[in-house]
Amino acid sequence: MEKPTIKDIARMANVSIGTVSNVINGKGRYSVETKKKIDKIIKELNFMPNVAARSLKDKLNPLIALVVPFADKGEVFVNPFFTQLISGVESGARDRNFHVIVAAVKDEPQLSVLLEKQINGLIVFGANENQVILEEIKKLRLPTVFMDSYLSDPELYQLVIDDELGGYLATKYLISLGHKSINVIAGNLDPIGNPAEKTKMNTVGHLRLFGHIKALEEAGIDFDPSLVFPHEFSVEGGYTAAQQIIKQKGNSTAVFAFSDMTAMGVIKGFYDLGVSVPNDFSVVGFDDLYFSEYLTPGLTTVRQDIYGRGHSAVKLLIDQIEEKTMEHNRKIISPVSLKIRQSTASFNS
């Protein structure tokens, strides 16, 4: 079905276009029953008024939303990664006279709250093909940019980083230091199965793991699944993994955590067990959060420009909203690099 219009709603409710407009804008006179009927039709059709043009015409500030499907309420405001991302999004939005709201919708598959606020567009972070909310978002028919989502639909606007390269760079560096048995804290991943089927596993964690495996293969080192720990990207997940790594230590001498938050938990976990970083274990993170260089020791990590990516996502979104000539590719891949600090050291067997 084509995007519904105010005329469609008026026809279905058997009222005038003016009455529908009054209900949407909360102006004029109409009965309670008429409002209920029109509201019901709007909800069924996932109707979204084109308030962007109206807001710009009236010199009001239109609104966009940053949606995080996997996060609990409040989580995005205490996680340093999202703090940096939100700062970049807000900065980019201010440059274009837009406001931003943040919506963590892990437990709210219905996005009615966004409809009520008359959102002009969405930046969706970390969606995946299997989430019900992805279909809910598509039904809104709003300009949308997906960040770190790796969705198969080529028509969607996506902004990602080169996660596979990041996994490769971190592991290659550890191997160059003499480490051959490297633990990986990879997040909650499905088993990778046959590496030839990796195109079916386009998630941040899987892609970083594939980069890790590629570096191992180049060095002639067999991939050992028992060295992969499926803990969440969190301080708590890293701390727990550190306990498990020491318990089954074997010959391992390094840890590659797929987020700096996880790496921070690993370093703390090792410290509490009397294990030295980097003398006993080298540790590498991923993200280069603002605090990473201030840890003791400073964290070697794969750097991505979190703030800059938030800024870029806003540009990509607002260009859609304002129907500007799009010179962008539908999928933009941002670069990564390795930032070497004191948490890694050479290993001599």
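The values are calculated or read from the model by the stated rules, or taken from the named source; none is laboratory data. Computed from a prediction, not measured in an experiment: that's the story for all the values here. We place every Cβ from the backbone using ideal geometry, glycine too, and count neighbours over all the protein chains shown. Side chains included, ligands, DNA and RNA excluded: accessible areas come from the protein's heavy atoms. Shrake-Rupley method; radii C 1.70, N 1.55, O 1.52, S 1.80 Å.
Worth pointing out:
- In the chain, the inverse of the mean reciprocal separation of distinct Cα atoms equals 22.2 Å; this is its Kirkwood hydrodynamic radius.
- Net charge, V160 excluded, C-beta distance under 15 Å - Lys, Arg +1, Asp, Glu -1: -4
- In the assembled protein chains, S312 presents an accessible area of approximately 60 Å² (probe radius 1.4 Å).
- Temperature 10 °C, viscosity 1.306 mPa s: under these conditions the Stokes-Einstein estimate for region 212-275, based on its Kirkwood radius over C-alpha pairs, is 130 µm² per second.
- Semi-axes of the equivalent ellipsoid for region 207-349, computed as √(5λ) from the eigenvalues of its C-alpha gyration tensor and ordered from largest down, come to 34, 18, 14 Å.
- Förster radius 35 Å - calculated FRET efficiency between E155 and K43, Cβ distance, rounded to 0.05: 0.85
- Working note: Karplus 6.51/-1.76/1.60 with θ = phi - 60° gives region 206-216 the couplings 5, 5, 5, 5, 5, x, 4, 5, 4, 5, 4 Hz, where Gly and Pro are set to x.
- Taking other residues whose beta carbon is less than 11 angstrom from the beta carbon of S149, and scoring Lys, Arg as +1 and Asp, Glu as -1, yields -2.
- Degrees between helix 235-247 axis and first principal axis of the chain (Cα, 0 to 90, nearest 10): 30 degrees
- Extension gain, K138 back to S21 (0.36 nm per residue minus Cα-Cα distance, nm): 39.7 nm
- 10 Å beta-carbon shell around D288, net charge (K/R +1, D/E -1): -1
- Surface accessible to a 1.4 Å probe, per residue, for the residues of the chain, Å²: 50 Å²
- For a label point 7 Å along the Cα-to-beta-carbon line of Q342, residues of region 221-262 with backbone N under 18 Å: none
- Relative to the current alpha-carbon distance between S91 and T296, full extension at 0.36 nm per residue lengthens the span by 70.7 nm.
- For region 129-143 and region 202-220, distance of Cα centres in Å: 30 Å
- Over the chain, Cα pairs under 8 Å with separation of 6+ residues give a relative contact order of 18 percent.
- Entries in K35/K139; K7/K35; K7/K43; K7/K138; K172/K331; K3/K27 that, when Cα-Cα distance is taken, lie over 18 Å: K35/K139; K7/K138; K172/K331; K3/K27
- Computed [θ] at 222 nm, helices only, for the chain once each DSSP H run of length n ≥ 4 contributes -39500 (n - 2.57): -12500 deg cm²/dmol
- S343, S16, reordered so the largest accessible area comes first (probe 1.4 Å): S16, S343
- Accessible-area order (highest first, 1.4 angstrom probe) of the listed residues T301, T34: T34, T301
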